[in-house]
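The structure appears right after this line, and notes come after that.
The values are calculated or read from the model by the stated rules, or taken from the named source; none is laboratory data. Just so it is clear, the model here is predicted, and its values are computed rather than measured. Note that we place each Cβ from the backbone using ideal geometry, even for glycine, and neighbour counts take in every protein chain shown. Areas reflect the complete protein model, heavy atoms only, side chains present, ligands, DNA and RNA absent. Shrake-Rupley method; radii C 1.70, N 1.55, O 1.52, S 1.80 Å.
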Amino acid sequence: MIVILTGGSAGIGKATAELLMSRGDTVYSLSRRGGEDVSDSKSGGSIVNIKADVTKPETLQAAVAEVVAKNGRVDALVCNAGNGIAGAIEETSLDEVRYQFETNFFGVVNTVKACLPQMRSQRSGRIIAVSSVAAVVPIMFQAFYSASKSAVLMYMQALGMELAPWGVECGCVLPGDTKTDFTASRKYTVESQNPASAYAAQMKVSVGKMEKDERNGTSPEVIAEAIASQLTRRHVKPALVPGMQYKFICFLMKIVPARLRLNIVRKIYS
C-alpha cells in the first residue's frame with residue numbers, strides 16, 4: 001500500500017508510520033522537520049520522509065506529485081498533523097483562533113485537495129483524518145481545539161458522501177487522552193499568561209487535570225492500530241473511537257440531555 005501521512009515526525013503519526021511499515025507498506029511521511037528514510041527488511045515496508053507544511057498548499061502538491069511520479073498511485077491518505085492552544089475564549093485573539101484552525105482544519109483541507117485528483121482518477125483510495133473525542137465533548141479553555149476537531153469530523157463525513165461515486169472512502173479516528181509530546185507542545189494564548197486574568201486560576205486547574213490525563217493516557221501505538229484498521233477493514237467507519245472508556249463517553253454524549261452532560265464535563269474539569 002502506498003500511504004501519504006501528515007505529522008509523521010512524532011507521536012501518533014510516527015507510531016502509525018512505523019506500524020504500517022512493519023506491515024509492508026510504503027509510507028510517505030510529510031512533516032516540517034523531515035528526517036532520515038528507513039526501511040524494514042523483514043516486511044519490505046519503508047518510511048520515506050518528505051518536508052512539507054500542511055498550511056502551505058504548494059508544498060503538499062509538490063509532495064503528492066513526487067509520490068505519484070514514483071508509484072503511479074496513492075492508496076491511502078492519513079491526515080494526522082495537528083496542534084493545540086489553550087486559553088479562555090474571551091482571551092483568545094482572532095489570530096490565535098486562526099493559528100489553531102490553520103493546522104487542525106485547513107491543514108486537512110489542503111492535504112485532501114492535493115490528493116483528490118489522483119484518487120478520483122484511479123477511482124479508489126481511503127482518506128482517514130485524526131479528529132478527537134474533543135470533537136463531541138467540548139473542552140473548557142480549549143474551545144477552539146474542540147471546534148477544529150469537530151469541523152474535521154463533519155468535513156470528513158460530507159467528503160465521504162461526495163466521493164462515494166469514485167470509490168474513495170473517508171473516515172475519522174477519534175482518540176481520547178493520548179500520551180505523546182502533544183502535551184508539552186501545547187501553546188497558551190497571550191492573554192492567558194497575564195496574572196491579572198479573570199480566568200487564570202480556573203484555567204490552571206482545568207488544563208492541569210487534562211494534562212495529567214494525557215500523561216497517563218493511551219499509548220500512541222493503540223491509536224496507530226485504530227488508524228491501520230481503518231485502512232484495511234472492508235469499509236471505513238465514519239468515526240472510530242479507540243478504547244471502551246472513550247466509546248462509552250461518546251455514547252453518553254449522544255443520549256444524555258445537553259444541559260446535564262455539559263454540567264458533568266464542567267464539574268470534571270473544575
Inset, instruction - Can you pull the one-decimal nm distance between simple spin-label points at Lys212 and Lys51, each 7 Å off the Cα toward Cβ? - result: 4.2 nm
Inset, instruction - Report, for the chain, the % of DSSP beta bridges that are antiparallel, rounded to 5. - result: 5 percent
Legend entry - Inter-part distance where the range 1-43 and the range 46-74 are each reduced to a Cα centre, Å: 13 Å
Inset, instruction - Can you send over the solvent-accessible area of Val133, 1.4 Å probe, protein chains only, in Å² to the nearest 10? - result: 10 Å²
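About the Cα centre of the range 58-214, what is the dipole size in debye to 20, counting +1 per Lys and Arg Cβ and -1 per Asp and Glu Cβ, all else neutral? If you can, show how the numbers build up before the last one.
Working: 14 positive and 16 negative charges, 96 e Å.
For the range 58-214, the charge dipole is close to 460 debye.
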Legend entry - the chain: most fluctuating residue of Asn71, Asn49, Asn104 per GNM, C-alpha cutoff 10 Å: Asn71
Legend entry - Gaussian network model of the chain, springs between alpha carbon atoms under 10 Å - residue of Ala62, Ala52, Ala147 with greatest fluctuation: Ala62
Inset, instruction - Using θ = phi - 60° and the Karplus relation 6.51 cos²θ - 1.76 cosθ + 1.60, list the HN-Hα couplings for the range 11-17 in order, rounded to whole Hz, with x at every Gly or Pro. - result: x, 4, x, 5, 4, 5, 4
Inset, instruction - Using only Cα atoms, locate the centre of the range 76-92 and the centre of the range 96-144, then give the distance between them in Å, rounded to an integer. - result: 10 Å
Legend entry - Antiparallel bridge percentage (DSSP; both residues within the range 1-151; nearest 5): 10 percent
Legend entry - GNM top mover of Asp95, Asp37, Asp75 - the chain, alpha-carbon springs below 10 Å: Asp95
Inset, instruction - Taking H placed 1.01 Å from N in the peptide plane, check which residues at least 5 places from Ala239 or on another chain put their amide H under 5 Å from its amide H. - result: Cys172
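Taking only protein heavy atoms and a 1.4 Å probe, what accessible area per residue, in Å², does the range 124-270 have with all protein chains in place? Let's see the in-between values first.
Working: 7670 Å² over 147 residues.
Per-residue value: 52 Å².
Once the convex hull of the C-alpha atoms of the range 100-183 is built, how many Å³ does it hold per residue, rounded to a whole number?
For the range 100-183, the hull spanned by Cα atoms encloses 90 Å³ per residue.
Relative contact order of the range 134-214: what whole-number percent is it, with Cα pairs under 8 angstrom and at least 6 residues apart?
The value is 25 percent.
How large is the charge dipole for the range 1-66, taken about the Cα centre, if only the Cβ atoms of Lys, Arg (+1) and Asp, Glu (-1) carry charge, to the nearest 20 debye?
Values: 7 positive and 8 negative charges, 33 e Å.
Charge dipole of the range 1-66: 160 debye, to the nearest 20.
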Inset, instruction - Using DSSP, restrict attention to beta bridges with both residues in the range 1-73 and report what percent are antiparallel, rounded to the nearest 5. - result: 15 percent
Legend entry - Estimated [θ] at 222 nm from DSSP helical runs (n ≥ 4, -39500 (n - 2.57)) normalised by residues in the chain, nearest 500: -15500 deg cm²/dmol
Inset, instruction - Report Met253's accessible area, 1.4 Å probe, all protein chains in place, as a number in Å² to the nearest 10. - result: 20 Å²
Inset, instruction - Please work out which option in [x] 56, 37, 35; [y] 65, 39, 33; [z] 77, 34, 33 gives Cα extents along the principal axes in Å calculated from these coordinates, and answer with its label. - result: [x]
Legend entry - Per-residue SASA entry for Arg215, accessible area with 1.4 Å probe, Å² rounded to 10: 130 Å²
